[in-house]
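Student: Sharing a structure, written as structure tokens. Questions coming.
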């Protein structure tokens with residue numbers, strides 16, 4: 001069965017596979033990927049650097065990453081984004097673009113709030129603003145995933161996923177290296193280790209950068225989606241909006257659905273649990289803002305882009321499941337390199353090698369995984385079903401990641417990073433089982 005799943009990919013030549021990246025839907029996805037990638041670090045990774053510099057305890061930082069659980073529960077309101085029109089805005093822009101624009105407005109407002117709050121003086125307002133950003137970002141993801149799936153056929157989803165990842169990672173350079181670079185240059189010379197005004201300047205720049213997504217939404221066409229027949233009553237609306245998208249998935253895959261959902265739930269667990277403590281690790285190891293910005297947020301993200309490009313091309317040539325297995329193995333192994341790095345001191349050369357390997361493997365895994373999730377959806381319920389899959393992908397890892405600060409406090413960085421690598425072993429087993437026992441049944445009308 002695994003061989004039969006690969007046949008649909010084989011009619012692409014190498015040249016045809018590469019030309020897909022120059023098509024209009026792919027280029028639009030590049031810009032929209034930037035809009036999607038910008039908020040994530042600002043409420044998780046970069047924020048953890050800012051909080052640690054402000055003297056917030058590692059355990060508290062770990063628990064605050066539960067703000068990211070908004071991404072894990074987005075399936076709860078995904079049916080509304082999938083089918084509910086926004087007064088006036090939907091008539092002007094269409095179903096997908098209206099929700100994109102509304103969510104982007106929420107992100108901008110939340111980032112402005114985070115800019116004006118000093119976590120060293122008061123932490124809770126920062127948490128509430130971060131929740132607004134996370135909720136807006138998760139809503140943007142719901143609408144954007146549906147927009148991407150409806151913008152091209154199944155054969156081009158891997159290329160759209162790779163373009164999305166490229167834009168996403170470019171945004172992570174800006175939200176990672178860019179924000180650190182701005183904060184470093186805005187610091188007052190007399191400041192010690194933490195300058196609240198410098199961070200305010202940096203976060204205001206990030207809020208302004210969401211203009212890339214806003215402009216793209218306003219200039220992009222609304223995709224051709226399946227028409228929605230208005231519900232006759234509330235019971236029919238609940239059936240078509242909340243129940244049918246989930247029932248459709250289980251009807252298509254039956255007992256295989258459990259295997260697929262288990263794989264989705266743990267595929268990124270090694271990277272996500274490890275990633276929460278990465279920035280506090282850099283601070284505690286003695287790396288400067290400029291070193292972290294230059295190596296992990298620029299050079300490392302470029303390596304992720306290379307990995308995403310490779311993952312997209314290989315997925316079209318070899319099939320998604322084979323690349324999914326490659327990504328699972330590389331993601332687990334690369335975490336062991338962080339355990340080694342913790343024994344080296346603040347060595348920039350060692351950091352470059354570790355970040356190169358880790359981000360290359362992450363790019364390959366992400367491109368294949370997004371293509372895999374896209375292939376599982378029925379286009380009639382694309383927003384809701386993809387939100388279910390991507391939420392499930394984050395729920396368990398984000399929950400476990402909340403305890404990462406306590407784990408580091410108890411066992412140290414080396415043992416913590418080794419443990420996150422071990423978490424990747426069940427993933428490899430599940431990818432092998434899914435490759436053998438499941439056949440993708442996607443985009444049915």
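The values are calculated or read from the model by the stated rules, or taken from the named source; none is laboratory data. Model, not experiment: these values are computed from the prediction. Glycine also receives a Cβ, built like all others from the backbone with ideal geometry; neighbour counts cover every protein chain displayed.
Student: Going by what's in this entry, would residue 109 be described as closer than 17 Å to residue 128 by Cα, surrounded by fewer than 19 Cβ atoms within 10 Å (Cβ to Cβ) and at pLDDT 75 or above?
Tutor: yes
Student: One residue is enough: does the range 217-228 have a residue meeting the conditions part of a helix (DSSP H, G or I), modelled with pLDDT of 90 or more and closer than 30 Å to residue 348 by Cβ?
Tutor: No: the range 217-228 contains no residue that is part of a helix (DSSP H, G or I), modelled with pLDDT of 90 or more and closer than 30 Å to residue 348 by Cβ.
Student: Given the conditions (1) assigned to a helix (DSSP H, G or I); (2) within 21 Å of the chain's Cα centre (by Cα); (3) within 30 Å of residue 260 (Cβ to Cβ), report the number of the one that residue 380 does not fulfil.
Tutor: All conditions are met except number (2).
Student: With respect to residue 420, determine if the residue is assigned to a helix (DSSP H, G or I), within 30 Å of residue 82 (Cα to Cα) and either under 18 Å from the mean Cα position of the chain (by Cα) or modelled with pLDDT of 80 or more (or both).
Tutor: no
Student: With surrounded by 24 or more Cβ atoms within 10 Å (Cβ to Cβ), at pLDDT 80 or above and under 22 Å from residue 166 (Cβ atoms) as the only criterion, which of 374, 362 stands out?
Tutor: Only one candidate qualifies: 362.
Student: Given the condition more than 25 Å from residue 367 (Cα to Cα), at pLDDT 80 or above and either out of contact with any helix residue (DSSP H, G or I) (no Cβ under 8 Å at 6 or more places or on another chain) or surrounded by 16 or more Cβ atoms within 10 Å (Cβ to Cβ) (or both), answer yes or no: does some residue in the range 161-180 qualify?
Tutor: yes
Student: Would you pick out the residues in the range 128-149 that are buried (at least 19 other Cβ atoms within 10 Å of the Cβ) and either on the phi > 0 side of the Ramachandran plot or over 18 Å from the mean Cα position of the chain (by Cα) (or both)?
Tutor: Correct list: 129 only.
Student: If a residue must be outside any helix (DSSP H, G or I), within 20 Å of residue 108 (Cβ to Cβ) and free of Cβ contacts under 8 Å to residues at least 40 places away in the same chain, how many such residues does the range 192-216 contain?
Tutor: 0
Student: Here are 103, 98: which of them is closer than 18 Å to residue 212 by Cα and without any contact (Cβ under 8 Å) to a residue 40 or more places away in the chain?
Tutor: Answer to the selection: 98.
Student: Right, next: Counting just the residues of the range 387-412 that are in a helix (DSSP H, G or I) and surrounded by fewer than 20 Cβ atoms within 10 Å (Cβ to Cβ), which one comes out modelled with the lowest pLDDT?
Tutor: Going through the qualifying residues, I end up with 395.
Student: Quick check on my filter: what residues within the range 340-372 are over 19 Å from residue 293 (Cα atoms) and in a helix (DSSP H, G or I)?
Tutor: 340, 361, 364, 365, 366, 367, 368, 369, 370, 371, 372
Student: Let me ask something else about it. When you scan the range 298-307, do you find a residue that is outside any helix (DSSP H, G or I) and in contact with a helix residue (DSSP H, G or I) (Cβ under 7 Å, 6 or more places away or on another chain), even just one?
Tutor: no
Student: Something else: Among (1) touching a helix residue (DSSP H, G or I) at 6+ places or on another chain (Cβ under 9 Å); (2) surrounded by fewer than 17 Cβ atoms within 10 Å (Cβ to Cβ); (3) within 22 Å of residue 285 (Cβ to Cβ), there is one condition residue 417 misses while meeting the rest; what is its number?
Tutor: The one condition residue 417 does not meet is (2).
Student: Out of curiosity, is residue 93 crowded, with 16+ Cβ neighbours inside 10 Å, touching a helix residue (DSSP H, G or I) at 6+ places or on another chain (Cβ under 9 Å), modelled with pLDDT of 80 or more and farther than 25 Å from residue 125 by Cβ?
Tutor: yes
Student: Now for a different question. Look at residue 269 and say whether it is on the phi < 0 side of the Ramachandran plot and without any contact (Cβ under 8 Å) to a residue 60 or more places away in the chain.
Tutor: no
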